[in-house]
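Okay, so here's the structure we're looking at.
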Amino acid sequence: MEILHVSAECYPVAKAGGLGDVVGALPKYQHEAGYIAKVVMPMYKTKFLNTHEWDVVHKGYTNLGNWWFIYTIIKEKTNVLGFDLYQVDINGLLDREKIYGYDDDPARFVAFQIAVVDWVAAWKHRPDVIHVHDHQAALIPFMIKHCYRYQHLQGIPTVLTIHNAEYQGWLGWDKSYFIPAWDNWKSGLLEWKNSINSLACGVRCAWKVTTVSPSYLEELRWSANGLEALFEYEKGKCTGILNGIDMNVWDPETDSYIENHYNIKNKTDGKAKNKKLLCERFSLDEQKPLLAFIGRLVGEKGADLLPQAIGDSFYYIGRKMNFLILGSGSPMIEQNLERARTLSSGDCSIYIGYNESLSHLMYAGTDFILMPSRVEPCGLNQMYAMRYGTMPVVRSTGGLRDTVRDFGDPDGYGIRFNNPVIGDITHAIWRAVQLYTDPLLMDEMRRRMMRLDFSWETSMKHYGDLYASL
Ligand code: ADP
Ligand code: GLC
């Protein structure tokens, strides 16, 4: 079976968050399981692009409205990622330093999707499934069903995986000319609340829709940034499939980003060495429990709650813990965190920016990972943390609910709280600090977490069943 994944991100080529991790891992394991798995993504200006060799496999000429452009499909020569990797080069439009964040993002990603469909239309055979990820690829099911020039592709089954329904790829109707001419009777499929909504269109037109955890799918029916009614209506074709993690990349025994490797047997010693390194680097106290946050500094992740939660923890619990924050995002949150740091007398340190290698050291060397998310479709951090024996402290939502069991419950191993509010977070931090005073219990929790299996095996089987049902 041949699966073509279409995505804006793919690790290690280009990653802004978990989407990249998933699209870098799932196809690899699918390939190992006997599928022909291919990934096509935009060609950004990345280090990966310059350090690998490429074959030009196709050149095409197509249009975004009245702008005609040449696109080139290049393929990585050696299959270094464990699957066929293709990139779409559109001169001036996609070949930029960043993945997102440009004013013309809507045009960039529509052009990307047109080029992908145009290329597939030139294949001598058809893929068995086109699997599109998030709104940047969600117009493809519509294009192949209803755009006149792609009519011969109509029968190809499509799957849309929603990694995050907060971002929907809105496009004013004045930009509708971007999309190749379509059957006008079908315009309703593009529309949601007076604008073109790529994600809503994908939900309607894809043969099947998946979300990256079962709980998130449930939640979308009452909280989906305006699309609740749509998810209720389309629930029959939707399934929640929990992400896995790449157990080869995220392995404390072999992780190339950390110096002090460890496994379930020598975890106490291994984690302590990594913690020492971190504490030296950030002038923290290795005797105190170290709580970390890694991620985008946005409201969705509850990052705006951190500054006050940190301040309140020092005030109400005392200076019994240290905090280390790695992330970037909203300038306001960055400023507030900086203020919390200056008030912390050295008990809180922050690193603003994106740093893959530091994130690995933090999963290995911290004691707790804080995730007060308001929305968390799956969340990978908590799974990485647990693989490294670091306890997640999470708000019970989406994928966090599906992967973390509170240590107060039978066979539990994490800390959960219900509401993304300061009081709940501070209480959860208090529980973490209390737990840390009991090294034997801590050790047992670490053992339980490190024995959990978050590999792609189970998820892959679910995707396999889904493809087969098409
Ligand atoms: P999301 O995709 O919503 O941001 P996930 O939990 O699915 O959240 O994935 C986040 C991924 O991005 C993880 O691999 C995490 O380690 C990584 N990450 C997020 N922010 C940073 C950062 N500032 N530096 C390094 N890695 C980061
Ligand atoms: C999104 C979600 C995150 C999920 C990731 C990978 O970025 O916000 O929760 O883990 O996609 O599916």
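The values are calculated or read from the model by the stated rules, or taken from the named source; none is laboratory data. Keep in mind the model is a prediction, meaning the values are calculated, not measured. Here the Cβ is made from the backbone with ideal geometry for all residues, glycine too, and neighbour counts use every protein chain on show. Side chains are part of the model used for accessible areas, which takes the heavy atoms of the whole protein and leaves out ligands, DNA and RNA. Shrake-Rupley method; radii C 1.70, N 1.55, O 1.52, S 1.80 Å.
Can you tell me which residues in segment 386-399 are within 13 Å of ligand 2 (Cβ to nearest atom) and either in contact (Cβ under 8 Å) with a residue 40 or more places away in the chain or in a loop (DSSP other than H, G, I, E, B) (or both)?
Result: 395, 397, 398, 399.
Please verify whether segment 1-14 includes one or more residues that are among the acidic types (Asp, Glu) and touching a helix residue (DSSP H, G or I) at 6+ places or on another chain (Cβ under 7 Å).
yes
Suppose we filter segment 336-348 for residues that are outside any loop (DSSP other than H, G, I, E, B) and closer than 16 Å to residue 309 by Cβ; how many remain?
7
Within segment 164-184, count every residue that is touching a Lys or Arg at 6+ places or on another chain (Cβ under 8 Å) and surrounded by 15 or more Cβ atoms within 10 Å (Cβ to Cβ).
Result for segment 164-184: 1.
Scan segment 347-358 residue by residue and report those that are open to solvent by 10 Å² or more (accessible area, probe 1.4 Å) and either touching a Ser or Thr at 6+ places or on another chain (Cβ under 6 Å) or within 12 Å of ligand 1 (Cβ to nearest atom) (or both).
Once the filter is applied, which keeps residues that are open to solvent by 10 Å² or more (accessible area, probe 1.4 Å) and either touching a Ser or Thr at 6+ places or on another chain (Cβ under 6 Å) or within 12 Å of ligand 1 (Cβ to nearest atom) (or both), segment 347-358 yields 350, 351, 352, 353, 354, 355, 356, 357.
With segment 147-255 as the region, which helices (runs of 4 or more DSSP H) entirely inside it contain at least 1 residues that are within 16 Å of ligand 1 (Cβ to nearest atom)?
198-205, 214-220
What number of residues within segment 283-303 satisfy the criterion of being buried (at least 18 other Cβ atoms within 10 Å of the Cβ) and more than 16 Å from ligand 2 (Cβ to nearest atom)?
Looking only at that region, the number is 5.
Could we say that residue 324 is away from ligand 1 (no atom under 15 Å from the Cβ) and either assigned to a helix (DSSP H, G or I) or open to solvent by less than 10 Å² (accessible area, probe 1.4 Å) (or both) here?
No, not satisfied.
Tell me which residues, restricted to segment 1-47, are of a type in the set (A, V, I, L, M, F, W, C), over 17 Å from residue 119 (Cα atoms) and in contact (Cβ under 8 Å) with a residue 60 or more places away in the chain.
Answer for segment 1-47, where residues must be of a type in the set (A, V, I, L, M, F, W, C), over 17 Å from residue 119 (Cα atoms) and in contact (Cβ under 8 Å) with a residue 60 or more places away in the chain: 1, 10, 13, 14, 16, 19, 22, 23, 25, 26, 33.
Hey, residue 374 hits all of (1) within 15 Å of ligand 1 (Cβ to nearest atom); (2) without any contact (Cβ under 8 Å) to a residue 60 or more places away in the chain; (3) open to solvent by 40 Å² or more (accessible area, probe 1.4 Å) but one; which does it fall short on?
Of (1) within 15 Å of ligand 1 (Cβ to nearest atom); (2) without any contact (Cβ under 8 Å) to a residue 60 or more places away in the chain; (3) open to solvent by 40 Å² or more (accessible area, probe 1.4 Å), only one is false for residue 374: (2).
Could you tell me whether segment 427-449 includes any residue that is among the aromatic types (Phe, Trp, Tyr) and open to solvent by 70 Å² or more (accessible area, probe 1.4 Å)?
Within segment 427-449 (the criterion being among the aromatic types (Phe, Trp, Tyr) and open to solvent by 70 Å² or more (accessible area, probe 1.4 Å)), the answer is yes, since at least one residue qualifies.
In segment 1-40, how many residues are hydroxyl-bearing (Ser, Thr, Tyr), within 16 Å of ligand 2 (Cβ to nearest atom) and open to solvent by 10 Å² or more (accessible area, probe 1.4 Å)?
2
From the list 54, 67, exactly one residue is open to solvent by less than 90 Å² (accessible area, probe 1.4 Å), at pLDDT 95 or above and hydrophobic (A, V, I, L, M, F, W, C). Which is it?
Going through 54, 67 in turn, just one is open to solvent by less than 90 Å² (accessible area, probe 1.4 Å), at pLDDT 95 or above and hydrophobic (A, V, I, L, M, F, W, C): 54.
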